[in-house]
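Notes follow once the structure below has been shown.
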Amino acid sequence: MTVDKKHDELRQGEAYAAFAPDITAFQKKFYIESYGCAMNFADSEIVASILQTNGFGATTNYQEADLIFLNTCSIREKAEQTVRKRLFDFRTVKKQKPGALIGILGCMAERLKSKLLEEERLVDLVIGPDSYRSLPSLIMEAEGGQKAVNVLLSREETYADISPVKLNSNGVNSFVSIMRGCNNMCSFCVVPFTRGRERSRDPLSIIRECRELFEMGYREITLLGQNVDSYYWTPSENEGTNGYGKPITFAGLLEEVALIDPLLRVRFSTSHPKDITDDVLHTMARHENICKCIHLPVQSGSNRILQLMNRSYTREWYISKVERIREILPGCGISSDIIAGFCSETEEEHKETLDLMEYCRYDFGYMYFYSERPGTLAARRYPDDVPEEVKKRRLTEIVSLQRRLSERSNYNDVGKQFKVLIEDDSKKSDQHWMGRTSENKVVVFPKNGLITKGEYVQVNITGCTGGTLIGEIHL
Ligand code: SAM
Ligand code: SF4
């Protein structure tokens with residue numbers, strides 16, 4: 001269950017529509033469908049860029065594609081099952097179009113390469129998240145009838161020089177990857193195994209990409225990484241005088257991006273609680289255009305479970321972080337990820353999670369029940385012993401509490417005025433705009449005058465639902 005846009009359920013399985021250029025300019029067509037977190041969606045734009053440079057244009061109709069790609073997620077078992085089902089759908093295309101190639105990209109590649117390629121013969125190409133540069137040669141290999149695989153993880157690859165092709169974009173919001181991989185080894189998580197070691201992207205290439213997006217009309221950028229606060233980049237010896245020239249932390253990078261233009265909003269995701277510093281919080285306070293919203297996943301409210309999860313903080317330490325955020329950034333939105341029913345979690349420990357949620361008054365939440373992932377520390381060390389019905393019941397309690405907290409948070413905003421960036425028509429009516437506050441709350445309000453998307457307006461909040469603020473433009 002999600003109440004926000006980081007792991008957007010509505011986008012799961014989204015196929016890319018070419019923004020530009022003209023599809024007839026390409027001799028062959030590719031279709032790409034993406035699953036999982038925002039990092040995966042950003043990666044699909046890098047893949048699209050590499051494919052376009054090599055003569056493939058995007059199509060949203062897989063029946064007419066020469067290349068069909070699934071950019072996959074392994075974070076929970078359900079995500080893997082969805083992709084597997086999709087592969088069976090795509091196999092039917094091969095009957096009508098025997099030359100079509102089917103490929104698996106991303107996190108499932110390493111885990112399931114031999115199963116998908118050899119045992120089940122479901123795919124022709126398997127390409128891990130650090131191997132997208134080898135796509136053109138792998139496609140050639142697969143066209144020649146060989147099974148093409150590259151799942152090597154890299155310690156350096158950040159695709160810094162590749163300008164992602166923006167597809168399915170509203171022209172207002174964009175994601176920009178600033179780092180790849182993760183070194184944290186939370187015991188439940190497969191990411192360090194599927195995406196490899198943490199590495200930070202060259203700051204100049206990030207700033208350049210953000211500036212170009214701003215010049216193209218984009219007004220909000222989300223800096224992406226599994227753990228953005230541990231971003232750290234140092235100049236290499238042979239970089240010469242053309243590089244950034246000095247070491248830079250996440251706070252420094254955030255400031256550089258914020259300085260591109262006051263009209264460019266900057267967000268970031270995700271912050272590991274152990275790494276977010278006062279320096280980041282003070283940088284956010286200094287710049288009005290850095291959005292006042294922090295995604296700070298807690299996972300559990302019990303110290304024993306947090307230790308088993310290898311999260312490296314306690315409940316008390318986490319609470320002091322939340323208090324620090326509220327002290328330096330009054331009114332800042334705070335959201336979280338929570339896992340219900342981790343190995344050996346008792347009823348009392350589950351209640352500690354509910355209690356912590358109440359204390360933190362999260363504005364949004366992403367909530368999951370624990371799904372054992374092969375190869376992780378938890379899978380090797382701890383029995384997955386909370387019965388499924390108990391996990392699901394605990395998750396339902398967590399979700400309904402979060403719903404109440406989100407409603408309360410929205411209700412508290414009624415009567416206030418917010419600066420809103422207009423993102424698009426509202427889903428329900430083209431007579432209304434949809435935009436967001438700095439705190440990441442969705443606001444819907446009637447259109448009025450010549451204002452258009454990508455512009456900022458002051459909106460008076462007159463009402464709310466559980467997930468949306470309702471307002472009127474302040475005239
Ligand atoms: N790097 C981010 C962090 O530490 O906050 C999280 C990235 S992970 C892609 C997103 C969320 O998926 C995690 O915060 C966690 O709540 C959830 N998750 C990861 N592994 C899981 C598992 N095995 N079962 C259930 N949920 C899981
Ligand atoms: Fe996974 Fe933990 Fe890394 Fe997040 S910080 S990606 S949960 S290992």
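Computed from the coordinates by the stated procedures, all read-outs in this text should not be read as laboratory data. Note that the coordinates shown come from a computational prediction; the quantities given were computed from them, not determined experimentally. Glycine also receives a Cβ, built like all others from the backbone with ideal geometry; neighbour counts cover every protein chain displayed.
What percent does the relative contact order of the stretch 215-281 come to when contacts are Cα pairs within less than 8 Å and at least six residues apart? Numbers along the way, then the final one.
On the way: 76 pairs, mean separation 32.8, N = 67.
Computed over the stretch 215-281, the figure is 49 percent.
Length, then width, then depth: along the principal axes, the Cα atoms of the chain run 63, 58, 53 Å.
Averaging sequence separations of C-alpha pairs under 8 Å and six or more residues apart, then dividing by the length of the stretch 337-429, give the relative contact order as a whole percent.
Details: 76 pairs, mean separation 35.3, N = 93.
Relative contact order for the stretch 337-429 comes out at 38 percent.
In the chain, helical runs assigned H by DSSP with n ≥ 4 each contribute -39500 (n - 2.57); averaged across all residues and rounded to the nearest 500, the mean residue ellipticity at 222 nm is -10000 deg cm²/dmol.
If R₀ is 25 angstrom, what is the calculated FRET efficiency for the pair Glu389 and Gln81, using the beta carbon separation as r and rounding to 0.05? Numbers along the way, then the final one.
Numbers: r = 19 Å, r/R0 = 0.77.
After rounding, the FRET efficiency stands at 0.85.
Between Asp279 and Met185, the FRET efficiency estimated from the beta carbon spacing at R0 = 30 angstrom works out to 0.75. Ellipsoid semi-axes for the stretch 309-373, based on the Cα gyration tensor and the rule √(5λ), read 23, 13, 11 Å when sorted largest first. Extension gain for Gln431 to Gln307 (0.36 nm times residue separation, less C-alpha to C-alpha distance): 39.6 nm. In the structure shown, the pairs Lys274/Lys428; Lys95/Lys427; Lys166/Lys416; Lys85/Lys166; Lys29/Lys113; Lys274/Lys416 are assessed against 30 Å; a Cα-Cα span above that value is assigned to Lys274/Lys428; Lys95/Lys427; Lys166/Lys416; Lys274/Lys416. Only Cα pairs under 8 Å and at least 6 apart count here; give the relative contact order of the stretch 176-300 as a rounded whole percent. Computed value for the stretch 176-300: 25 percent relative contact order. The ellipsoid that matches the Cα gyration tensor of the stretch 126-278 has semi-axes, each √(5λ) in whole angstrom, of 27, 20, 17, with the longest given first.
Legend note: in the chain, cysteines whose Cβ sits 4.7 Å or more from every other cysteine Cβ are Cys37, Cys73, Cys107, Cys182, Cys210, Cys291, Cys293, Cys332, Cys343, Cys360, Cys464.
Put a dot 7 Å past the Cα of His474, heading toward its Cβ, do the same for Thr53, and the two dots end up 4.6 nm apart.
Packing around the peptides 175-186, 149-160, taken as the average count of other Cβ atoms within 10 Å per residue, puts them in this order, highest first: 175-186, 149-160.
Mind jotting down the distance between the C-alpha centroids of the stretch 294-366 and the stretch 124-171, whole Å? If you average the Cα positions of each part, the centres end up 37 Å apart. Starting from the Cα gyration tensor of the stretch 195-277, take the square roots of the eigenvalues, sort them a ≥ b ≥ c, and report rounded, prolate or oblate (rounded when a/c is under 1.5, otherwise prolate if a/b is larger than b/c, else oblate). Since a/c reaches 1.5 but b/c is at least a/b, the shape of the stretch 195-277 is classed as oblate. Protection proxy ranking, highest mean first, for peptides 258-271, 360-373: 360-373, 258-271, where packing is the per-residue count of other beta-carbon atoms within 10 Å, averaged.
Rounded to the nearest 0.05, the FRET efficiency derived from the C-beta distance between Glu358 and Gln27 at R0 = 60 Å is 0.55. Here the label points at Gln63 and Ile451, each 7 Å from Cα along the C-beta direction, are separated by 4.3 nm in the simple model.
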